[in-house]
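Scroll down for the structure; my scribbles are underneath it.
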Amino acid sequence: MKIEVLGGYGGESLGCRMTCLLINDRIALDAGSLSQALSIERQVQVRSILLTHSHMDHTSSIPFFIENVFSRAERNIDIYTSSATVYAIRKYLFNNATWPDFTRLPNHLLPAVRFHELKDEVPFELGGVRFTPIPVDHLVPTQGFLIQQDGKAVLWSSDTGPTQRLWEVANETANLKAICIDVSFSNDLQHIADVSFHLTPRTLERELEKLDKKVPILLHHLKPPCIDAIRAEVKRLNNPDIDFLEQGKVYEF
Ligand SMILES: [Zn+2]
Ligand SMILES: [Zn+2]
């Protein structure tokens, strides 16, 4: 399984793109930077988008991506997400005020975008990759994903504060190659992390006590102003299993 990190951050700044993974060149997991990170030629290859939740740092490139590809695509773009996120995207993004409703354009019979609703813990397959949505704890309904192909698994937390089911799934899953987990704020902003349901290095350390196996931990969703402080605080945890998910890197699992 090939995972390319198009955007690895929870905010945008010079050199920091917002959350977006590209799986096997065809499937986007979140869409914070799909149009910024890829050439038009590569965008046209992307046929499916999985959304973990409705927040802008995970959805903001959808309007521009669709505009870039819809006239060139042979068929519609499929967006897979929870019913709560479908509701939010319809109401707040494709509402004809923020952006045209591409679920009814060019016409309602052959729209540019189709939604497919995902239920917690009901796996589905896309291009030979099996995705299982895992509920996590964030400000809005949010699903992380267990991603499996050829007997190997990667667990993607999406945005989450302290959570339970994600760690149970990690402990139950054989051949888990990596857990990618949110660390958004430095410890001095613990109160902000708590009220916005994100982790800091301090709460990450507590969360890792729920894990009963040795697995590489890759941190993502750092807020750009916190990067240096988070890196210093994570270094002090002195845990050799922890590393940072690297934007621009192609991971082969
Ligand atoms: Zn986010
Ligand atoms: Zn969020």
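Quick note: the coordinates plus some simple rules give every number you see, no bench work behind them. The structure presented is a predicted model; accordingly, all values stated were derived computationally and were not measured. Because the Cβ atoms are built from the backbone with ideal geometry, glycine has one as well, and the counts that use them run over all protein chains shown.
If a/c stays under 1.5 just call it rounded; otherwise compare a/b with b/c (prolate if a/b is bigger, oblate if not). Do that for the stretch 63-148, with a ≥ b ≥ c from the square roots of the Cα gyration tensor eigenvalues.
Judged from the Cα gyration tensor, the stretch 63-148 comes out oblate (a/c at least 1.5, b/c at or above a/b).
With n ≥ 4 as the cut-off for DSSP H runs, can you work out [θ] at 222 nm for the chain, using -39500 (n - 2.57) per run divided by the number of residues, rounded to the nearest 500?
Value at 222 nm, helices only, nearest 500: -6500 deg cm²/dmol.
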Roughly how big is the chain's charge dipole about its Cα centre, with Cβ charges of +1 (Lys, Arg) and -1 (Asp, Glu), in debye to the nearest 20?
420 debye
Starting from the Cα of Lys91, draw a straight line to each of the lysines and keep only those under 26 Å, dropping any in the same chain fewer than 8 residues away.
Lys119
The relative contact order of the stretch 2-252, taking Cα pairs under 8 Å that sit 6 or more residues apart, comes to a percentage of 17 percent
Grab the other residues whose beta carbon is less than 10 angstrom from that of Gln149, score K and R as +1, D and E as -1, and report the net.
+1
Partner aspartates and glutamates for Lys249 [C-alpha distance under 16 Å; skip if fewer than 8 residues away on the same chain]:
Glu4, Asp25
If I histogram all Cα-Cα distances within the chain using bins 10 Å wide from 0, what percent of pairs lands in each bin?
7, 33, 37, 18, 4, 0
Take every DSSP beta bridge whose two residues both sit in the stretch 131-182, then give the antiparallel share in percent to the nearest 5.
75 percent
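Based on the alpha-carbon gyration tensor of the stretch 116-225 and its eigenvalue square roots a ≥ b ≥ c, which shape applies: rounded if a/c is under 1.5, prolate if not and a/b is larger than b/c, or oblate? Mind dumping the intermediate values first?
Values: a/c = 2.10, a/b = 1.54, b/c = 1.36.
Note, shape of the stretch 116-225 comes out prolate.
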Roughly what % antiparallel, to the nearest 5, for the DSSP beta bridges in the chain?
55 percent
Candidate lysines for bridging to Lys213, where Cα separation is under 24 Å - those fewer than 8 sequence places away on the same chain excluded
Lys2, Lys152, Lys177, Lys235
